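Coordinate-derived values only; no laboratory data. Please read all numbers here as calculations on a predicted model, not as lab measurements. All Cβ positions, even for glycine, are placed from backbone atoms using ideal geometry, and neighbour counts span all protein chains on display.
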Amino acid sequence: MSGSAFNAFKARVPVEWSPNLYITLVRGLPGTRRLHRRTLEAMRLRVCNRTVVHRSTPSLLGMLNQVKRLVVVETEEMYNARKQQEEQHKALRPPIVVSHHPVNVQAANSDSGKP
């Protein structure tokens, strides 16, 4: 993810109130304060690029305010839009067909037959 991952997600879908928040840990835990690590463990975020779903409560919003530089917060619409775009990116593409024969096979044969 880029440095401004939240802005990239926010640009896809207009932000609306959502009862559930999708929280993704985007920064590593080494070198962070113990209080921040314990807050992330309370939210079940122990590994980078993991996403958890929590109900939007005042206590959760306070915890997110503590670790806002370590996580990306998305609403349901933002999360679904991101997942749909990832699926489209990973979708199978038509195969590339490469032909190693000359385009004009008949013209090449008729030229070689002339003396």
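Taking θ = phi - 60°, what integer Hz values does the Karplus form 6.51 cos²θ - 1.76 cosθ + 1.60 yield along the range 80-92, in sequence order, with x for Gly and Pro?
In residue order, the calculated couplings are 5, 5, 5, 5, 5, 5, 5, 5, 5, 5, 8, 4, 5 Hz.
I need the calculated FRET efficiency for the pair Ser18 and Ala91, taking r as the beta carbon distance and R₀ as 25 Å, to the nearest 0.05. Don't skip to the answer; put the middle values down first.
Details: r = 27 Å, r/R0 = 1.08.
Once the sixth-power term is evaluated, E becomes 0.40.
How large is Rg over Rh for the range 5-95, taking Rg from the Cα atoms and Rh as the Kirkwood inverse mean of 1/r across Cα pairs? Before the final figure, lay out the partial values.
Details: Rg = 14.6 Å, Rh = 14.1 Å.
Rounded to two decimals, Rg/Rh equals 1.03.
Per-residue HN-Hα couplings for the range 21-38, Karplus 6.51 cos²θ - 1.76 cosθ + 1.60 at θ = phi - 60°, whole Hz, x for Gly and Pro?
Coupling constants for the range 21-38: 10, 9, 10, 10, 7, 10, 10, x, 7, x, x, 8, 5, 4, 4, 5, 4, 5 Hz.
Suppose the chain between Ser56 and Lys83 were pulled fully straight at 0.36 nm per residue; how much longer would it get relative to their current alpha carbon spacing?
Numbers: separation 27, 0.36 × 27 = 9.72 nm, distance 2.07 nm.
Gain on stretching Ser56 to Lys83: 7.6 nm.
Within a 10 angstrom radius of the beta carbon, how do Arg27, Arg33 rank from fewest other beta carbons to most?
Working: Arg27 16, Arg33 10.
By the 10 Å Cβ count, ascending, the order reads Arg33, Arg27.
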